[in-house]
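Take a look at the structure set out below.
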Amino acid sequence: MRWMAQVRWPPMRIVYVIGTRPNFVKTAPVVAAMGRRMPEGRHTIVHTGQHYDRAMSEVFFEELGVPAPDHMLEVGSGSHATQTARTMERLEPVLEEEQPDLVMVPGDVNSTLAAVLTAAKMQIPVAHIESGLRSFDRTMPEEINRIVADEFSEYLFLHSDEAIENLRAEGIPDERMHFVGNTMIDTLVALEERFRAAGSASRLGVEPGGYILVTLHRPALVDGDLLPGTVRQLTELAREMPVVFPVHPRTRKEMEAISAEHPGLLLSEPLGYVDFLSLVADAGAVLTDSGGIQEETTYLGVPCFTLRDNTERPVTIRAGTNTLLGLDPAAIAGIPAALTGRPAKPPEPPPLWDGHAAERIADTFA
Ligand code: UD1
């Protein structure tokens, strides 16, 4: 007698809703693992269009090997309400047509919120990738998105164990939680050989280990009074060591609006994944207000300074790589001193940040 491979019948229909640059990085390995595990299933990708510039979107589909989206909602930019409402309005007919058994969403952006609300109201089960992160700061739009996404998702995929307590405190039962690890790190591990060989620092003319890589994009930092002081501090820092700064479109617009002078800064357009991770891996330090970069630097053991008052990723602080600087740009001046005499130690990635999180997600369904 020959044993047949176990096939789920009827085949599962899954809709993945993604919309922003970090979403693509978090979801790519999940789409791949689910497809491998359920080749008979229907896997449909919806791109909301929250990010739409080639440098913020297409490049990532190409580099990460995500299949081209089956549906493009083209919601674009707008106020939070507009963006969320537009996504819901355009996603509903797609879900009507696809009749999925499951909607999968990553992260905490407006596309995530809109997809979860749309699916939940249509009584379609939702799986939330990167569940349970909390900054405990409800002035952050992402915090509201996280809370709603977790409340209305059936399957909560956690990337760090601290998420368990956060979810329990909101009355979410353990049965919905699956501690699987970090899918963003899956992508990093899959492309590590390529970005290690990319040599982006040398192409920019900076020494590996000898420059600071900067990314800034949060409204709290770039939309208000803090931007001029931050750019001034960066130009001061550039007198001590090269500052490489790929500029997010939101930040570029704000810098142009205030006509910020930036002598000495090595500015560029947003970079693709391989080029950017090459720069992270070779940086002396990274200065950022991003969430995902706090994680990537932790995995790679690169010192990270976070220009925020709080983080929903305390695991990166405990790992010893990430330092919260607060929102005051004056703190940037302390970075060179903080780096001197810092003992080099091998990176110690948090539990299950091992390149296999997406497979563990697929295990839940296959
Ligand atoms: C969103 C997420 C944030 C995430 C970030 C990553 C929410 C609430 N915020 O903010 O959590 O960290 O993405 O980048 O969902 N723009 C372009 N081209 C693009 C995208 C944006 O020019 O492809 C410009 C638009 O003019 C817009 C601004 O950048 O005004 C901000 O775009 P928005 O859609 O708000 O996204 P992010 O600020 O990127």
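Here are a few things to note about the model shown:
- Unmet requirement for D309, which otherwise passes all of (1) farther than 22 Å from I129 by Cβ; (2) out of contact with any Cys (no Cβ under 9 Å at 6 or more places or on another chain); (3) open to solvent by less than 30 Å² (accessible area, probe 1.4 Å): (3)
- Sole exception among (1) surrounded by fewer than 18 Cβ atoms within 10 Å (Cβ to Cβ); (2) closer than 28 Å to P219 by Cα; (3) away from the ligand (no atom under 12 Å from the Cβ) for G132, by number: (1)
- Qualifying residue in the range 84-96 (condition: open to solvent by less than 60 Å² (accessible area, probe 1.4 Å), modelled with pLDDT of 95 or more and away from the ligand (no atom under 16 Å from the Cβ)): yes
- Flag for S57 being open to solvent by 40 Å² or more (accessible area, probe 1.4 Å), within 16 Å of the ligand (Cβ to nearest atom), of a type in the set (S, T, N, Q) and out of contact with any Pro (no Cβ under 6 Å at 6 or more places or on another chain): no
- Some residue of the range 177-190 being surrounded by fewer than 21 Cβ atoms within 10 Å (Cβ to Cβ) and either among the basic types (K, R) or at pLDDT below 95 (or both): no
- Residue that is nearest to the chain's Cα centre (by Cα) [pool: residues in the range 218-266 that are in a strand (DSSP E or B) and within 16 Å of the ligand (Cβ to nearest atom)]: P246
- Residues of the range 141-180 that turn out to be more than 15 Å from E130 (Cβ to Cβ) and within 16 Å of the ligand (Cβ to nearest atom), as a count: 2
- Any chance A338 is in a helix (DSSP H, G or I), more than 17 Å from the chain's Cα centre (by Cα) and of a type outside the set (K, R): yes
- Scanning the range 248-288 for residues that are open to solvent by less than 50 Å² (accessible area, probe 1.4 Å) and more than 23 Å from E192 (Cα to Cα) returns H248, P249, T251, M255, A260, L265.
- Any hit, the range 27-50, residues being within 16 Å of the ligand (Cβ to nearest atom), open to solvent by 40 Å² or more (accessible area, probe 1.4 Å) and under 20 Å from T187 (Cα atoms): no
- Test: residue in the range 36-56 that is in a helix (DSSP H, G or I), among the β-branched types (V, I, T), under 18 Å from the mean Cα position of the chain (by Cα) and modelled with pLDDT of 95 or more: no
- Enumeration of residues in the range 298-318 that are within 16 Å of the ligand (Cβ to nearest atom) and part of a helix (DSSP H, G or I): T316
- Residue within the range 3-24 that is more than 16 Å from the ligand (Cβ to nearest atom), part of a helix (DSSP H, G or I), closer than 20 Å to L191 by Cβ and modelled with pLDDT of 95 or more present: no
- Within the range 181-202, residues that are in contact (Cβ under 8 Å) with a residue 12 or more places away in the chain and closer than 19 Å to I18 by Cα reach partners that are of a type in the set (S, T, Y) and crowded, with 24+ Cβ neighbours inside 10 Å with beta carbons closer than 7 Å, at six or more positions or on different chains, in the pairs I185/Y299; L188/Y299.
- Of all residues making up the range 186-217, the number that are under 17 Å from the mean Cα position of the chain (by Cα), in a loop (DSSP other than H, G, I, E, B) and not hydrophobic (A, V, I, L, M, F, W, C): 1
- Among (1) open to solvent by less than 20 Å² (accessible area, probe 1.4 Å); (2) closer than 23 Å to D275 by Cα; (3) out of contact with any His (no Cβ under 9 Å at 6 or more places or on another chain); (4) small (G, A, S) - the single one G301 does not satisfy: (1)
The values are calculated or read from the model by the stated rules, or taken from the named source; none is laboratory data. This one's a predicted model, so the numbers in the text were calculated from it and none came from an experiment. Please note: Cβ atoms are built from the backbone with ideal geometry, for glycine as well, and neighbour counts cover all protein chains shown. Please note that ligands, DNA and RNA were not included when accessible areas were found on the heavy atoms of the full protein model with its side chains. Shrake-Rupley method; radii C 1.70, N 1.55, O 1.52, S 1.80 Å.
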